[in-house]
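First the structure, which I've put down as structure tokens, then a few questions once you've had a look.
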Amino acid sequence: MVSRSHNEIILDSINEGVFTVDMDWRITSMNRAAETIIGVGREDAVGQLCREVFHASICERRCALKRAMETDRPVMGEIIYIVDSEGERIPVKISAAVLHDEKGQVIGGVETFQDLAQVEELQKSLLEKHSLGDIVGKSPSMTSLFSILPRLAESGSTVLLQGASGTGKELFARAIHDLSPRHDGPFVAVNCGALPDSLLESELFGTVAGAFTGATSDRPGRFSAAHGGTLFLDEIGDITPALQVRLLRVLEERSFEPLGSVVPVHVDVRILAATNRDLGELVEAGLFREDLYYRIHVVELRIPSLAERREDIPLLAQTFIEKFGRLQGKDVTGLSAQALAIIMSHDYPGNVRELKNIIEHAFVLATDGPILAEHLPSYLRKDSPREPDAGDADLNLRATERAMVQRALTRHAGNRRLAARDLGIDTSSLYRKIRRLGLEKPPTDGRHRREP
């Protein structure tokens, strides 16, 4: 029996995979955990090129060992994929460093890797827990919406979805439809702000042959198409008063006459409407009919902006990363600490749609591994700090956390309870964060501020 060295015994006792290579990238040693993770014995691996054994997603372009040996600086905590002996892709977290001899000469490199398969499964179950259909969120405002959507869907009432552009109002409308007794019927969406009155009227109600020049055959409208299901009227605040009159009549009588016809058509349709405008103000200004407003305002659902649910940004970003990864066949594994700090500090006037576009932009530039700051749009990087060394990650995350807490306190005029609710934590946790992050206590505690 071949005796093993003290170092070999120690390496075989740890859970992380470890292997070393020489200057020709051939494996010189491997521990037991590495054998288990990749399914290859060390006797078969030693002497082989590391890329032929691990088949990692970064082998060809961004080899961590090569970067460490070229710069003589360690690479820390990157998440990549390797392929095991059975062809399965395994997510791993790797770190790489240079090996020196007694004289300080570089003689090779060492890499450690941790199997993240269980972590990935946990992330998937967490995503399922914090999602409803295609809607993702774990903030208090989103979990509150998730809790009432099933009851709202079951009711059959007309719902007005209010929220800024890009907050996902159509996703909520689809979720209400999918959870409702009408889920087997059609879901038909119309953007009322995208068409002039004449076209929108024919789009909604349809036309009969001869109604106008070029109308050579009957054409059913969206109300007819949504029969037995749900009609979603997006940007309803943009329709003119003339069309508001006709829409009100349809909502009251559940019947309409197609353009060019005098024969009423009866429909069974549930109406969901959405707007990014304040309809109450439009009513006061005489731009929106009060009777139509109350007809569609049976139940109001306010969709929060992304700036109001900032804690959902990492979850949303990871969802988009996984989506674009499947579509484009790339092994992009997440966000670097610097990239995360940048996207967390942005205010998102374009809301979730803007975040999705940011991740899609990053996918154009990224190849594999994490999304780096350099992959993000230039307007985000304009005021961002330099790309950090591995030791800077905690500092960047701390700075991001500090900014989030300060922003919540400022938004609520120092009201600790409302700020804590905004951050998804309890008040005692907020007090501890204020002390730990070295924040100055607000001059007032904001307790007389009315809740939003």
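The values are calculated or read from the model by the stated rules, or taken from the named source; none is laboratory data. Bear in mind that the values here come from a model prediction, so they are computed numbers and not experimental data. Glycine also receives a Cβ, built like all others from the backbone with ideal geometry; neighbour counts cover every protein chain displayed. Protein only, heavy atoms only, side chains kept; ligands, DNA and RNA dropped before computing areas. Shrake-Rupley method; radii C 1.70, N 1.55, O 1.52, S 1.80 Å.
What's the number of the only condition in (1) open to solvent by 40 Å² or more (accessible area, probe 1.4 Å); (2) assigned to a loop (DSSP other than H, G, I, E, B); (3) at pLDDT 85 or above; (4) not hydroxyl-bearing (S, T, Y) that F212 fails to meet?
Tallying (1) open to solvent by 40 Å² or more (accessible area, probe 1.4 Å); (2) assigned to a loop (DSSP other than H, G, I, E, B); (3) at pLDDT 85 or above; (4) not hydroxyl-bearing (S, T, Y), F212 fails exactly one: (3).
Look through I148, I176 and report the one residue that is in contact with a Ser or Thr (Cβ under 9 Å, 6 or more places away or on another chain) and either modelled with pLDDT of 90 or more or within 21 Å of V299 (Cβ to Cβ) (or both).
It is I176.
Kindly provide the set of residues from the range 148-190 that are of a type in the set (A, V, I, L, M) and part of a strand (DSSP E or B), ordered by number.
V159, L160, L161, V188, A189, V190 - these are the residues of the range 148-190 that are of a type in the set (A, V, I, L, M) and part of a strand (DSSP E or B).
Looking only at the range 1-54, which residues are of a type in the set (D, E) and at pLDDT below 85?
Answer for the range 1-54, where residues must be of a type in the set (D, E) and at pLDDT below 85: E8, D12.
Right, something else. In the set A225, A194, which member is hydrophobic (A, V, I, L, M, F, W, C), surrounded by fewer than 21 Cβ atoms within 10 Å (Cβ to Cβ) and at pLDDT below 90?
A194 is the lone residue from the list that is hydrophobic (A, V, I, L, M, F, W, C), surrounded by fewer than 21 Cβ atoms within 10 Å (Cβ to Cβ) and at pLDDT below 90.
Give the residue that is surrounded by the most Cβ atoms within 10 Å (Cβ to Cβ), with candidates limited to residues of the range 356-373 that are closer than 18 Å to G166 by Cα and touching a Pro at 6+ places or on another chain (Cβ under 9 Å).
Among residues in the range 356-373 that are closer than 18 Å to G166 by Cα and touching a Pro at 6+ places or on another chain (Cβ under 9 Å), the one surrounded by the most Cβ atoms within 10 Å (Cβ to Cβ) is I358.
Could you give every pair whose Cβ atoms fall below 6 Å, whose first residue belongs to the range 357-378 and is among the acidic types (D, E), and whose second residue is at pLDDT below 90 and assigned to a loop (DSSP other than H, G, I, E, B), counting only separations of at least 6 or pairs across chains?
D368/S57; D368/I58
Residues being more than 19 Å from E16 (Cβ to Cβ) and open to solvent by less than 20 Å² (accessible area, probe 1.4 Å): count how many of those fall in the range 78-99.
Residues in the range 78-99 being more than 19 Å from E16 (Cβ to Cβ) and open to solvent by less than 20 Å² (accessible area, probe 1.4 Å): 0 in total.
Considering only the range 249-260, state which residues are on the phi < 0 side of the Ramachandran plot and more than 37 Å from the chain's Cα centre (by Cα).
The answer is R249, V250, E252, E253, S255, F256, E257, P258, L259.
With respect to L199, is the statement that it is out of contact with any Gly (no Cβ under 8 Å at 6 or more places or on another chain), open to solvent by 40 Å² or more (accessible area, probe 1.4 Å) and in a helix (DSSP H, G or I) true?
yes
For residues that are modelled with pLDDT of 65 or more and open to solvent by 80 Å² or more (accessible area, probe 1.4 Å), scanning just the range 387-434, find the one that is farthest from P304 (Cα to Cα).
R432
Determine which single condition T20 fails, assuming it passes every other condition in (1) open to solvent by less than 30 Å² (accessible area, probe 1.4 Å); (2) touching a helix residue (DSSP H, G or I) at 6+ places or on another chain (Cβ under 9 Å).
Checking T20 against (1) open to solvent by less than 30 Å² (accessible area, probe 1.4 Å); (2) touching a helix residue (DSSP H, G or I) at 6+ places or on another chain (Cβ under 9 Å), the one that fails is (2).
What is the one condition in (1) open to solvent by 10 Å² or more (accessible area, probe 1.4 Å); (2) free of Cβ contacts under 8 Å to residues at least 40 places away in the same chain; (3) closer than 18 Å to L231 by Cα that A153 does not satisfy?
(1)
Among the residues of the range 30-77, which ones are open to solvent by less than 60 Å² (accessible area, probe 1.4 Å), part of a loop (DSSP other than H, G, I, E, B) and either more than 29 Å from G329 (Cα to Cα) or not β-branched (V, I, T) (or both)?
N31, G39, G41, G47, A56, S57, C59, R62, C63
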